[in-house]
């Protein structure tokens with residue numbers, strides 16, 4: 001049986017996205033969306049506890065929070081290897097962990113397949129930009145690429161509020177203050193409120209989970225800051241609905257008006273298996289045109305997809321348009337396009353027409 005550092009080294013060198021330590025299964029990595037065991041032997045509970053203890057020792061972190069609550073989030077670095085974002089948890093009374101592998105350097109956006117239209121969001125000076133998608137869809141990486149572009153291109157103060165910190169940003173043209181929730185500050189709400197007194201130009205916020213965080217984030221965007229946030233939603237319409245539904249019904253009209261004024265762009269993304277056995281991203285981009293703002297204010301969210309589909313000249317693209325383009329470029333199969341399409345029937349007609 002290997003030691004923790006050997007598992008981490010294998011995960012980093014093979015380009016895995018995650019390492020899984022779960023009793024009852026072998027230590028495994030996720031490589032190009034597939035689970036790959038690193039050894040045949042299954043982890044027993046005692047072995048799981050040993051590995052979790054090794055993780056805490058490597059991170060030089062007290063496990064008291066994990067012992068008390070059964071869950072913990074943190075990150076640490078291994079010199080010459082990578083950064084690791086860790087979630088430890090209990091399942092069936094035993095210790096388990098999922099370790100996200102994060103490269104030291106900010107990845108090259110072109111190699112990742114991020115479109116120039118998304119990177120151009122770094123030129124915004126104020127307002128709210130949301131990056132959405134399911135867990136593991138690449139939201140944090142896209143966000144980090146945008147922050148790096150800002151850091152490299154103009155002089156400003158960038159504050160990141162993360163739980164935990166993933167990518168490390170070195171000061172380039174900008175000054176970057178990176179704050180880890182529960183380590184550098186008590187919680188996200190207090191950090192975001194304090195942040196407004198720290199002369200920020202750009203605020204990078206982790207997931208906007210609750211009403212108070214969303215409200216404070218919108219206030220920050222209203223007062224002249226550029227706020228980059230994430231949500232675990234699929235698609236622009238679901239993102240709008242999620243934000244509004246967080247609030248009581250008697251406040252939703254006001255929130256619609258406020259959101260329509262401060263929101264600039266919603267970027268929704270997902271990772272699809274490509275023809276070479278890797279993964280390729282597809283992006284939906286919704287910009288806040290006058291028509292889209294009116295639809296949000298007037299509670300006509302159901303009309304937004306049509307506006308996005310017709311907004312190609314304004315830089316907008318639907319998820320299905322992005323997926324179809326990947327198919328026509330030969331990067332994904334027809335089966336993959338149909339599996340991931342929002343509207344499979346319409347996608348089938350497009351594919352048949354193209355063939």
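The values are calculated or read from the model by the stated rules, or taken from the named source; none is laboratory data. In this text the structure is predicted, and so the values were computed from the model without any measurement. Positions of Cβ are backbone-derived with ideal geometry, glycine not excepted, and every protein chain shown enters the neighbour counts.
Checking each residue in the stretch 314-355 for being assigned to a helix (DSSP H, G or I), surrounded by 17 or more Cβ atoms within 10 Å (Cβ to Cβ) and touching a strand residue (DSSP E or B) at 6+ places or on another chain (Cβ under 9 Å) picks out 319, 320, 321, 322, 323, 326, 336, 337, 340. Residue 45 - would you say it is surrounded by 15 or more Cβ atoms within 10 Å (Cβ to Cβ) and either over 30 Å from residue 317 (Cα atoms) or touching a helix residue (DSSP H, G or I) at 6+ places or on another chain (Cβ under 6 Å) (or both)? No: the conditions fail for residue 45. Among the residues of the stretch 115-142, those identified as in a helix (DSSP H, G or I) and either within 18 Å of residue 287 (Cβ to Cβ) or in contact (Cβ under 8 Å) with a residue 60 or more places away in the chain (or both) are 116, 117, 118, 119, 120, 121, 122, 123, 139, 140, 142.
Mind telling me which of the residues 292, 275, 267 ends up being assigned to a loop (DSSP other than H, G, I, E, B) and either modelled with pLDDT of 95 or more or surrounded by fewer than 19 Cβ atoms within 10 Å (Cβ to Cβ) (or both)? Residue meeting the stated conditions: 275.
Only residues that are part of a helix (DSSP H, G or I) and surrounded by 15 or more Cβ atoms within 10 Å (Cβ to Cβ): list them for the stretch 304-313, please. Result: 304, 305, 307, 308. Taken as a whole, the stretch 116-127 holds no residue that is closer than 22 Å to residue 187 by Cα, at pLDDT 95 or above and in the same structural domain as residue 269 (by TED's automatic domain parsing). The strands (runs of 3 or more DSSP E) falling completely within the stretch 1-85 that include 2 or more residues that are closer than 28 Å to residue 183 by Cα map to 18-21, 71-78.
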